[in-house]
1. Find the Cα radius of gyration of the range 1-90, compare it with 2.2 N^0.38 Å by division, and give the number to two decimals.
2. Taking the Cβ-Cβ separation of residue 170 and residue 52 as r and a Förster radius of 22 Å, what is the calculated FRET efficiency to the nearest 0.05?
3. Can you tell me the relative contact order of the chain? Whole percent, Cα pairs under 8 Å, sequence separation 6 or more.
4. Fewest Cβ neighbours within 10 Å first, please rank 116, 27, 147 accordingly.
5. Would you mind ranking 225, 232 by Cβ crowding within 10 Å, fewest neighbours first?
6. Between residue 80 and residue 189, what is the label-to-label distance in nm when each label sits 7 Å out along the Cα-to-Cβ direction?
7. Need the C-alpha centroid separation for the range 111-136 versus the range 47-69, integer Å.
8. What is the extension gain from residue 43 to residue 248, computed as 0.36 nm multiplied by their sequence separation minus the C-alpha to C-alpha distance, in nm to one decimal?
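Every number in this text was worked out from the coordinates using simple rules, so none of it is lab data. This is a predicted model, so every value here is computed, not measured. Every residue, glycine among them, receives a Cβ derived from its backbone with ideal geometry; neighbour counts consider all protein chains shown.
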């Protein structure tokens, strides 16, 4: 197994930008991308999570490690009123939103024949609808301003077949399609860009809680480097897509993986 690289230093890729990180910013990729945005020079940030304690701890940790204290807002992305309140707070706190890191996602493991409607709908509502609602709010804010960048979080399972993941795979394939359509619509009226990352296995404690024992270790062995991605390795690509270095990219889904089907 190859070791993960050291955490990279900042290059001011988001210098002067205001950033909103949605959904589970207190853990995993959401927390990693919030930290990365701070390291890359974001002048103001708001982070959102459904768990108030986790959110407060994340804000304290980001401030301690980067010097930037993000604003916080508790938000359930399955509730439109929460999403509207999140954006209202972000605009009040920062003046406007330059970058949306749209990070909603909920997994699980169930074979189709045993999967209940409740299991299916819960994953779809968080992982697809919970991406759509903040995306819509961001477009309504950014398009009239003429500028902005949105980065959605999908998964390689939007392309790959994996047993027990039909609901999650369908949701994340939907996020990819949503990204393409949103990008075309936004480009007709503005310079707003909408892109997407499709991470492979990114290990973090929350993922371990919702994955059957032994499965993560089995999946890691199939990765090209023999390990899962560190969350910051996914965050690095999200920051690139949000930055001016990706100024001609829109509607794209970038795989952060070895692409072993």
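1. My calculation over the Cα atoms of the range 1-90 gives 1.11.
2. 0.15
3. That works out to 21 percent.
4. 116, 147, 27
5. By the 10 Å Cβ count, ascending: 225, 232.
6. Reported label-point gap for residue 80 and residue 189 is 1.7 nm.
7. 27
8. Using 0.36 nm per residue and subtracting the Cα-Cα distance, I get 71.4 nm.
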